[in-house]
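Enquirer: Mind looking over this structure? Questions follow.
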Amino acid sequence: MGDRKTKVLLIDHNAGQAQALRKVLQEAAGKEFSMEWTEKFNAGMEMLGEDKFDVVLLSLSMPDKSGVEVLKELRKFDNSVPVVVLSDDPRDTAVTDAVNSGAQDWLARESLDGGRLLQSLRYAIDLKRAELALNEASTRLEAATSRLEALAHNDPLTECLNVAGLEKSLQNEFERAQRGGGALVAVLLDCDDFDRINAQLGHGVGDVVLKEISKRMKETVRPTDHIARIGSDEFLLLLPDTRFAEGMLVAEKIRLSVAESPLRLASETIRVTASLGVLALPYEFCSIEEILSLVRLAVRESKLLGKNRVSSGEKHKRPGHQPDRDALEELTEKLRKGDCFRAVSMPILHLPDEKLVGYEILSRGPKGAFEMPDDLFRVSVEYNLLTIVDLRCLKTCLTASADDKFEKQARVHVNLFPSTIIDTPIDRLMTLFPEDTNGPANQKYCVEISEQQFIGDPTYLRDHVHELTKNGVLVAIDDVGFGRSSLESLIILEPDIVKIDRKYVSGIAQEPTKERLLRRLVKVVNALGSELIAEGIECREELELLLDMGVTYGQGWYWGKPS
């Protein structure tokens, strides 16, 4: 503080006690402290407003109001000055009330001396400074957190939402729509020939174009609509409380807004157009990727019809192209309705006594070219439909698991692609499972992830796998065989269950080399502590060899084909 005195304001209606306090303070602190006194609260407030005081000494024995009421009024008037209250009786409950109402400390008159008074005043000042510093730091932290939140959920170039921000908005809107029955519409905007703009005029000009497009979209839609930049030149809009026909009109307004006037730069005039697709969301969606898989079909239609137009994907039937075009069109139409899959199951048995312990529930596509999984998922990958098809299959299998033909205590295995687990937030994925499984105490469901579908280092899956297990879902690595990648996957992901690929089980009774290799793999898995299930058991000899190896669980056509 340097040479400046610490200023104390005493508010006490008893003049004699006030004089005594001033004398005690002067004797204890000398010139370090100075004290001004007033017997009236209102006068004290005026003095606080006109001058800077470091601390207030406030008597709890006021003639017109209780000391606590006076303290609360003082706090409303100035919350930055520390307060020490004076009590005639240390057992008075008003002391506790005063401290709870914001006083930094309290003193009892009967035991008051100079050292105690000085210590209390200094403590109150230091405590208030620490409190103010903490509040200031909290304010700065909240501001920094808000900035980080904005960076995490917004695209810095266009100031629209990013994918993470749109996922959050989708979650909120979906929950609101479920409560109120409102409809949701998605609109995807793809700039026409944007690569040419970047190539000819540079990325700086491309950025200007994107900012202008986002500005025009914001001016066209409602404040309650959500706009996100989800790719280099793609924007996805989520329109709550909107019917499909209304969504088509909004998309047309956006198209006209983007194309109505060219962008004039210093040396160039650029005419920008966009192709848009519209999709009604009448059923559950679990991720932005699932929405994009369908709405991109509508944008593709706009592109093929000449660009700079709005499409719904309903007129995409065209001659030529792939031989399976008709089947693909039928598949995409059924995907829009969400009712084109069915489920079959295979039993999982405890091999020593061949008792049933669980089921693997498998999906089948619509009858025809894409009924079997290999064909269904091949075309799904080719047309960017994998996530939506995989999630539809999962829903179908989970719904089927409630059928009375399945034993209620048996474990249920379902399959997911690694890409689906990455694309879909785990908390959203868990909403597809029956509610009684959402807890670590009830591990009825097991998600199987095929090791053959891993891309490179499986570390990218580790956090997602741990989130599944935290939510009470077992995780199995499926189709495990031989080689470094298999062992690496098992060590990194720490699965609850390992399933040996059928091609390493089938024929072990006739091929001694395959038998020896399988015995080694069984020892490795047992050492890792994972449960082991052998797939592809087709005869008694294979079953007996697996029992001899110590394999406890298995499944295969020996007990019947999927049905």
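Enquirer: Can you name the condition, by its number, that residue 114 falls short on among (1) at pLDDT below 85; (2) in the same structural domain as residue 280 (by TED's automatic domain parsing); (3) among the small types (Gly, Ala, Ser)?
Expert: Single failed check for residue 114: (2).
Enquirer: Looking for whichever is of a type in the set (A, V, I, L, M, F, W, C), under 56 Å from the mean Cα position of the chain (by Cα) and either assigned by TED's automatic domain parsing to the domain that holds residue 112 or farther than 24 Å from residue 127 by Cβ (or both) here; the options are 57, 25. Which one fits?
Expert: Being of a type in the set (A, V, I, L, M, F, W, C), under 56 Å from the mean Cα position of the chain (by Cα) and either assigned by TED's automatic domain parsing to the domain that holds residue 112 or farther than 24 Å from residue 127 by Cβ (or both) holds for just one of 57, 25, which is 57.
Enquirer: For the range 117-126: of the residues being out of contact with any Leu (no Cβ under 6 Å at 6 or more places or on another chain) and either of a type outside the set (A, V, I, L, M, F, W, C) or at pLDDT 85 or above (or both), which is farthest from residue 21 (Cα to Cα)?
Expert: Taking the candidates together, the pick is 126.
Enquirer: Could you check, for the range 427-446, whether at least one of its residues is more than 22 Å from residue 288 (Cβ to Cβ), part of a strand (DSSP E or B) and modelled with pLDDT of 85 or more?
Expert: There is at least one residue in the range 427-446 that is more than 22 Å from residue 288 (Cβ to Cβ), part of a strand (DSSP E or B) and modelled with pLDDT of 85 or more.
Enquirer: Then there is this: Provide a single number: the residues in the range 358-368 that are surrounded by fewer than 21 Cβ atoms within 10 Å (Cβ to Cβ) and closer than 14 Å to residue 499 by Cβ.
Expert: Of the residues in that region, 1 qualify.
Enquirer: Does residue 460 satisfy the condition of being among the hydroxyl-bearing types (Ser, Thr, Tyr) and touching a Cys at 6+ places or on another chain (Cβ under 8 Å)?
Expert: no
Enquirer: List pairs: first residue in the range 400-420 and closer than 20 Å to residue 388 by Cα, second residue of a type in the set (Phe, Trp, Tyr) and in a loop (DSSP other than H, G, I, E, B) anywhere in the structure, Cβ distance under 8 angstrom, at least six positions apart or on different chains.
Expert: These pairs meet every condition: 418/454.
Enquirer: Spot the failing condition for residue 100; the list is (1) surrounded by 14 or more Cβ atoms within 10 Å (Cβ to Cβ); (2) out of contact with any helix residue (DSSP H, G or I) (no Cβ under 8 Å at 6 or more places or on another chain), and only one is missed.
Expert: (1)
Enquirer: Residue check, residue 203 against (1) in contact with a helix residue (DSSP H, G or I) (Cβ under 7 Å, 6 or more places away or on another chain); (2) under 16 Å from residue 157 (Cα atoms); (3) not aliphatic (A, V, I, L, M), all met but one. Which one?
Expert: Among (1) in contact with a helix residue (DSSP H, G or I) (Cβ under 7 Å, 6 or more places away or on another chain); (2) under 16 Å from residue 157 (Cα atoms); (3) not aliphatic (A, V, I, L, M), residue 203 violates only (1).
Enquirer: Also, quick follow-up: Are there strands (runs of 3 or more DSSP E) fully within the range 1-68 with at least 2 residues that are among the aromatic types (Phe, Trp, Tyr)? List them.
Expert: 33-38
Enquirer: Further, regarding this structure: Can you find a residue that is over 16 Å from residue 35 (Cβ atoms) and among the small types (Gly, Ala, Ser) anywhere in the range 82-90?
Expert: yes
Enquirer: If only one of 554, 529 is in the same structural domain as residue 349 (by TED's automatic domain parsing) and free of Cβ contacts under 8 Å to residues at least 24 places away in the same chain, which one is it?
Expert: Criteria check complete, one pass: 529.
Enquirer: Being surrounded by 11 or more Cβ atoms within 10 Å (Cβ to Cβ) and either of a type in the set (Asp, Glu) or part of a helix (DSSP H, G or I) (or both) is the filter here, so list the residues in the range 146-166 that pass it.
Expert: 149, 150, 151, 152, 153, 155, 159, 163, 164, 165, 166 - these are the residues of the range 146-166 that are surrounded by 11 or more Cβ atoms within 10 Å (Cβ to Cβ) and either of a type in the set (Asp, Glu) or part of a helix (DSSP H, G or I) (or both).
Enquirer: Identify all residues within the range 69-92 that are surrounded by 21 or more Cβ atoms within 10 Å (Cβ to Cβ) and assigned to a strand (DSSP E or B); write none if there are none.
Expert: 83, 84, 85, 86
Enquirer: Of the residues 550, 556, 536, only one is surrounded by fewer than 16 Cβ atoms within 10 Å (Cβ to Cβ) and either of a type outside the set (D, E, K, R) or closer than 14 Å to residue 499 by Cβ (or both); which?
Expert: Residue meeting the stated conditions: 550.
Enquirer: Let me ask you something else. Can you pull out the residues in the range 487-507 that are closer than 11 Å to residue 477 by Cα and among the acidic types (Asp, Glu)?
Expert: The answer is 494, 496, 501.
Enquirer: What number of residues within the range 76-98 satisfy the criterion of being touching a residue at least 12 places away in the same chain (Cβ under 8 Å) and farther than 18 Å from residue 7 by Cα?
Expert: 10
Enquirer: If you go through the range 327-343 one residue at a time, do you hit one that is at pLDDT 75 or above, closer than 30 Å to residue 539 by Cβ and either touching a helix residue (DSSP H, G or I) at 6+ places or on another chain (Cβ under 8 Å) or not assigned by TED's automatic domain parsing to the domain that holds residue 251 (or both)?
Expert: There is at least one residue in the range 327-343 that is at pLDDT 75 or above, closer than 30 Å to residue 539 by Cβ and either touching a helix residue (DSSP H, G or I) at 6+ places or on another chain (Cβ under 8 Å) or not assigned by TED's automatic domain parsing to the domain that holds residue 251 (or both).
Enquirer: Tally the residues that are surrounded by 18 or more Cβ atoms within 10 Å (Cβ to Cβ), among the hydrophobic types (A, V, I, L, M, F, W, C) and touching a Leu at 6+ places or on another chain (Cβ under 9 Å), restricting the search to the range 378-429.
Expert: 15
Enquirer: Please go through (1) within 20 Å of residue 422 (Cβ to Cβ); (2) at pLDDT below 85 for residue 476 and return the number of the only condition it doesn't satisfy.
Expert: (2)
Enquirer: Let me ask something additional. Can you tell me which residue among 148, 170, 201 is modelled with pLDDT under 85 and in the same structural domain as residue 234 (by TED's automatic domain parsing)?
Expert: Unique residue meeting the criteria: 201.
Enquirer: For the range 167-198, name all the residues that are part of a strand (DSSP E or B) and of a type outside the set (Val, Ile, Thr).
Expert: Once the filter is applied, which keeps residues that are part of a strand (DSSP E or B) and of a type outside the set (Val, Ile, Thr), the range 167-198 yields 184, 186, 188, 189, 190, 191.
Enquirer: Only residues in the range 489-515 that are assigned by TED's automatic domain parsing to the domain that holds residue 538 count as the first member; pair them with residues that are at pLDDT below 85 and acidic (Asp, Glu), Cβ under 6 angstrom, at least 6 apart or cross-chain, and list the lot.
Expert: Matching pairs, first to second residue: 489/451; 501/479.
The values are calculated or read from the model by the stated rules, or taken from the named source; none is laboratory data. No experiment lies behind these values; they were computed from the predicted model shown. Quick reminder, even Gly has a Cβ in these numbers, built from the backbone with ideal geometry, and neighbours come from all protein chains shown.
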